[in-house]
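Presented below is the structure to which this report refers.
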Amino acid sequence: MAQRCELCGKGPQYGHNVSHSKLRTNRRFLPNLQTGHVLIGGKLVKARVCTRCLRRSTSGRP
């Protein structure tokens, strides 16, 4: 399953783990995706969205 927000398209970013000896190894920063009800075109739709989009699109449901 793709780690991508269905509203804004935010996906994984890449960086490094840095150890105490400054050795760098690759790692991925994944977006915090949650399943929630969001308003899209005036309808409540269940979608996998990042928490920023979930906070932005207030649907009135808990």
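Computed quantities for the displayed model
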quantity	calculated
Residue within the range 17-26 that is assigned to a strand (DSSP E or B), surrounded by 10 or more Cβ atoms within 10 Å (Cβ to Cβ) and in contact with a Phe, Trp or Tyr (Cβ under 9 Å, 6 or more places away or on another chain) present	no
Residue ID - surrounded by the fewest Cβ atoms within 10 Å (Cβ to Cβ), chosen from residues in the range 6-16 that are at pLDDT 95 or above and either part of a strand (DSSP E or B) or in contact with a helix residue (DSSP H, G or I) (Cβ under 7 Å, 6 or more places away or on another chain) (or both)	Y14
Hits in the range 1-35 - residues which are aliphatic (A, V, I, L, M) and either more than 17 Å from the chain's Cα centre (by Cα) or within 19 Å of R56 (Cα to Cα) (or both)	L7, V18, L23, L33
R48 vs. criteria out of contact with any helix residue (DSSP H, G or I) (no Cβ under 8 Å at 6 or more places or on another chain) and surrounded by 14 or more Cβ atoms within 10 Å (Cβ to Cβ)	yes
Qualifying position, being within 12 Å of the chain's Cα centre (by Cα), at pLDDT 85 or above and assigned to a strand (DSSP E or B), among V49, V38	V49
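The values are calculated or read from the model by the stated rules, or taken from the named source; none is laboratory data. Note that the structure is a prediction, hence the values are computed from the model and not measured. FYI the Cβ positions are ideal-geometry reconstructions off the backbone, even for glycines, and counts take in every protein chain you see.
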